[in-house]
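First the structure, in the form of structure tokens, and then the observations on it.
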Amino acid sequence: MRIKVEGKTATEVQEQVAQRSTAVVDVLQKLGAQELQTTSIQLNPVYSYKDDTQTLTGFEGFNTLQFDEISRSQRCDKSPSLA
């Protein structure tokens with residue numbers, strides 16, 4: 001599972017990725033996911049190009065999570081919301 005966030009500053013993106021990742025992990029744990037682990041974290045600059053000029057326009061961040069499958073009975077019995 002991959003969480004992606006885009007924003008104007010690196011700090012903003014890092015904070016949002018952390019918040020969203022925590023929320024997703026909380027839901028997955030409530031659903032009974034096992035062996036949750038982060039497999040990749042990235043923070044990349046985003047540029048626009050015009051007339052051979054590169055301009056920094058913001059940042060994008062990713063957090064990739066891996067976990068064991070949740071059984072069907074656990075999905076039906078526990079249905080927390082991300083809201």
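A few remarks follow.
- Residue match in segment 45-63 (condition: in a strand (DSSP E or B) and in contact (Cβ under 8 Å) with a residue 60 or more places away in the chain): yes
- All of (1) surrounded by 14 or more Cβ atoms within 10 Å (Cβ to Cβ); (2) at pLDDT 95 or above; (3) more than 13 Å from LEU65 (Cβ to Cβ) hold for GLY32 with one exception: (2).
- Complete set of residues in segment 36-72 that are among the aromatic types (Phe, Trp, Tyr) and surrounded by 11 or more Cβ atoms within 10 Å (Cβ to Cβ): TYR47, PHE59, PHE62, PHE67
- Segment 5-22, residues that are surrounded by 14 or more Cβ atoms within 10 Å (Cβ to Cβ) and either part of a helix (DSSP H, G or I) or out of contact with any strand residue (DSSP E or B) (no Cβ under 8 Å at 6 or more places or on another chain) (or both): ALA10, GLU12, VAL13, GLN14, GLU15, GLN16, VAL17, ALA18, ARG20, SER21
The values are calculated or read from the model by the stated rules, or taken from the named source; none is laboratory data. Bear in mind that the values here come from a model prediction, so they are computed numbers and not experimental data. Because the Cβ atoms are built from the backbone with ideal geometry, glycine has one as well, and the counts that use them run over all protein chains shown.
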